[in-house]
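Some notes on the structure that comes next.
The values are calculated or read from the model by the stated rules, or taken from the named source; none is laboratory data. What you are looking at is a predicted structure, and each value in this text was computed from that prediction instead of being measured. Counting neighbours? That spans all protein chains shown, and the Cβs are built from the backbone with ideal geometry, glycine included.
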Amino acid sequence: MTTTRAETQEEGPAHLTIGDLARRTGLTPAVIRMWETRHGFPEPHRLESGHRRYAESDVELVQHVLRRRDAGIRLEVAIAEAAASQAPGSPSVFAQLRRRHPHLATHRLKKSTLLALSWAIEDECCARAERATIFGAFQKERYYRPAAARWEELARVARSAMALGDFTTPSAPGERVIRVQLPEDAPMRREWAVVCDAPDLPAVLTAWELPGQTTVPDRHRIFESVWSIDPRAVRDASRVCAQVAQSAGVAEAGPLLYELAEDPAPSRTDPAAATTLFNRVVAYVDGLG
């Protein structure tokens, strides 16, 4: 393969090829690609040609992971530590899924349809999921209030439950749902997400609101959306939410990130469970129609 002149020049701080990174760290290019596929680390800069480029800081991070691994730390935990020490990663579930899972189709849906999809996922998570980790992005606190009682019920059967939005106050004593107060410039303030990370019922729905809809009635606002029951996509979404929560100062997010560092087990979702979820979606969409 011929390398163009532009590709041999430094691309700002990211100018190392995958071969350079391999030589500097003692890994092989195949192992680096495998880490990227399984763990999203190290995350390269991509040229227009698709070639990977890495920064000097990536060399230090990979070396840190290798030292921690050699000291007896699990590789997944060592990578999570290194990722947490970087500048904040993707602050958007939608952007992360589009980047890591470009095969997922996008759909433009009205808010009423998103509500139906969200309720279906939440209900199935509450009814069937085993100790799920769940996240919800609500944009605004006033959108969360009508769902607060519903999410408290979800939290009763969940391993952990977090709600992200423009909350002005933290969770009250006795509340099971951890409220994540997002800063004013947080991209997830414009994002809708429901994530159920469970081995028997992985599901994620995420969407971002299209601009220029100030005069559109609330239920008819249009969102560009993505959803999946692929456990890898669900785990990527969970990691983003936990990272955003950690950046917002939520103490519980750090230990949760370590748990989410491990790759998900192969999906145990059976056709009957998927059919039940689909039936709930149809019923809610029909009811809101």
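Each row is one residue, and each column tells you yes or no for (1) out of contact with any helix residue (DSSP H, G or I) (no Cβ under 8 Å at 6 or more places or on another chain); (2) exposed (fewer than 14 other Cβ atoms within 10 Å of the Cβ); (3) farther than 24 Å from GLU262 by Cα.
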residue	(1), (2), (3)
HIS15	yes, no, yes
GLY26	no, yes, no
ILE32	no, no, no
GLU48	yes, yes, yes
Are there any pairs, at least 6 apart or on different chains, whose C-beta atoms fall under 7 Å, with the first in the stretch 150-170 and among the basic types (Lys, Arg) and the second part of a strand (DSSP E or B) and crowded, with 17+ Cβ neighbours inside 10 Å, and if so, which?
ARG159/THR133
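The rows are residues; the columns are (1) within 17 Å of PHE167 (Cβ to Cβ); (2) charged (D, E, K, R).
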| residue | (1), (2) |
| --- | --- |
| GLU184 | yes, yes |
| PRO187 | yes, no |
| GLU191 | yes, yes |
| CYS196 | no, no |
| VAL204 | no, no |
| LEU210 | no, no |
| PRO217 | no, no |
| HIS220 | no, no |
| VAL226 | no, no |
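Look through SER225, SER247, SER171 and report the one residue that is within 23 Å of HIS103 (Cα to Cα), of a type in the set (Gly, Ala, Ser) and assigned by TED's automatic domain parsing to the domain that holds CYS125.
Working: SER247 fails: within 23 Å of HIS103 (Cα to Cα); SER171 fails: within 23 Å of HIS103 (Cα to Cα).
None of the others qualify; the one that does is SER225.
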Which pairs do you get when a residue that is closer than 16 Å to CYS196 by Cβ, found in the stretch 105-129, comes within reach of a residue that is among the acidic types (Asp, Glu), reach meaning Cβ atoms under 7 angstrom, with the pair 6+ apart or on two chains?
CYS126/GLU153; ARG128/ASP200; ALA129/ASP200
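Among the candidates ALA78, ALA84, ALA6, ALA22, single out the residue that is farther than 30 Å from GLU184 by Cβ, out of contact with any strand residue (DSSP E or B) (no Cβ under 8 Å at 6 or more places or on another chain), crowded, with 17+ Cβ neighbours inside 10 Å and modelled with pLDDT under 90.
Working: ALA84 fails: farther than 30 Å from GLU184 by Cβ; ALA6 fails: crowded, with 17+ Cβ neighbours inside 10 Å; ALA22 fails: modelled with pLDDT under 90.
Residue meeting the stated conditions: ALA78.
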Sole residue being within 15 Å of LYS140 (Cα to Cα) and part of a loop (DSSP other than H, G, I, E, B), chosen from PRO199, PRO211, PRO183
PRO183
Options ASP236, ASP263; residue that is at pLDDT 90 or above and either in a helix (DSSP H, G or I) or among the acidic types (Asp, Glu) (or both)
ASP236
